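Below is one structure; the comments refer to it alone.
The values are calculated or read from the model by the stated rules, or taken from the named source; none is laboratory data. Predicted model, so just to flag it, every value in this text is computed and none were measured. All Cβ positions, even for glycine, are placed from backbone atoms using ideal geometry, and neighbour counts span all protein chains on display. To get the accessible areas, we keep the full protein, side chains included, count just its heavy atoms, and leave off ligands, DNA and RNA. Shrake-Rupley method; radii C 1.70, N 1.55, O 1.52, S 1.80 Å.
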Amino acid sequence: MSRVIRVLLADDQALVRAAFAMLVESARDMEVVAQAGSGREAVDLARAERADLVVMDVRMPDLDGIEATRLIAADEDLAGVKVLMLTTYDTDEHVVEALRAGASGFLVKDTKPAELLDAIRIVSAGESLLSPGPTGRLIARVLRQPQAPHAEAPVPAALGALSDRERQVLTLVARGLNNTEVAEALGLSPLTAKTHVSRIMGKLGARDRAQLVIVGYESGLVTPGSAG
C-alpha cells in the first residue's frame, strides 16, 4: 500500500479550510491530520502532528504564513515537513519571501481541485512547485527592487564552488525546469541531473529547489525575462 500523505491545513477562513479538507479527504493517498486558523497554531500543530505537508495561507492573524513557514523550516525536528503556500494572486510579492523562508512552492486559491491534489503530491515527494512563467516573472520583478531582503537565500558568493556543469544545471532549475527537463536540455540521464541538483543544494546550503530559483536570480545566472 502506498504511503498516505499527512496534510495540515492552515487558513484563517473556516469555510476555506472546510472545503480544502473535503477535497483532501476525497483522495485515497492523503488525509487531513489537523486544521489551523492562525500561523502560530500552524507551527504548533506541525510540531504536534508531524504532518508531511502544510497547506499554508500567506495572510493569517497572530503570525502570518511567511513567518510560520520560516519557523517550521528552521526547526530541525520538522526537517521533513514541506510547505505549500496559498495566495489569492499569482502576482503576490509575498510569494518570493515565502520561498526564501522555506516554502516549496505556491498556488493561487482558485486553482482547480485536481491541481491542488497534484500539487500536494508533488511537494510531498520533494519537488518544488514552480511554473517557469508566472514564478519567473514574479521573482525577477521583486528582486529588481533594491529594498528586497536577501537574508533567507543561499549566499551567491558560494557559486564559486560550483563546476561549470553545475552552473548550467542551476540556471535551468532557476528557470523552473524539473529534473527530466534539465536532463533533456543537457543530454544527461534523469538520475545524473538529480545528482547534480542534490550536490548544488548541498554546496549552496539550499533547503530545496525553490531556494535554488531564488539564488539563480540573485546571482545573475538568470536575468529578468529569460525564464518566461
### Query
Do you know which residues across the stretch 170-190 are modelled with pLDDT of 90 or more and either under 17 Å from residue 105 (Cα atoms) or crowded, with 21+ Cβ neighbours inside 10 Å (or both)?
170, 172, 182
### Residues of the stretch 157-177 satisfying the condition of being over 21 Å from the mean Cα position of the chain (by Cα) and among the hydroxyl-bearing types (Ser, Thr, Tyr)
163
## Note on the structure
Wholly inside the stretch 166-228, helices (runs of 4 or more DSSP H) that include 3 or more residues that are closer than 21 Å to residue 95 by Cβ are 209-218
### Query
Can you name the strands (runs of 3 or more DSSP E) wholly within the stretch 10-123 that have at least 2 residues being touching a strand residue (DSSP E or B) at 6+ places or on another chain (Cβ under 7 Å) and modelled with pLDDT of 90 or more?
30-36, 53-57, 82-87
### Message
Exactly one condition in (1) at negative phi; (2) among the charged types (D, E, K, R); (3) open to solvent by 10 Å² or more (accessible area, probe 1.4 Å) is false for residue 50; which is it?
### Response
(1)
#### Entry: Single condition residue 199 does not satisfy, out of (1) farther than 22 Å from residue 102 by Cβ; (2) within 19 Å of the chain's Cα centre (by Cα); (3) not aliphatic (A, V, I, L, M)
(1)
### Query
Does the stretch 191-209 contain at least one residue that is at pLDDT below 90 and of a type in the set (Asp, Glu)?
yes
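One line per residue, one yes/no per condition, for (1) over 29 Å from residue 216 (Cβ atoms); (2) touching a Leu at 6+ places or on another chain (Cβ under 7 Å); (3) free of Cβ contacts under 8 Å to residues at least 12 places away in the same chain:
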{"site": "17", "(1), (2), (3)": "yes, yes, no"}
{"site": "31", "(1), (2), (3)": "yes, no, no"}
{"site": "44", "(1), (2), (3)": "yes, no, yes"}
{"site": "62", "(1), (2), (3)": "yes, no, no"}
{"site": "68", "(1), (2), (3)": "no, no, no"}
{"site": "96", "(1), (2), (3)": "no, yes, no"}
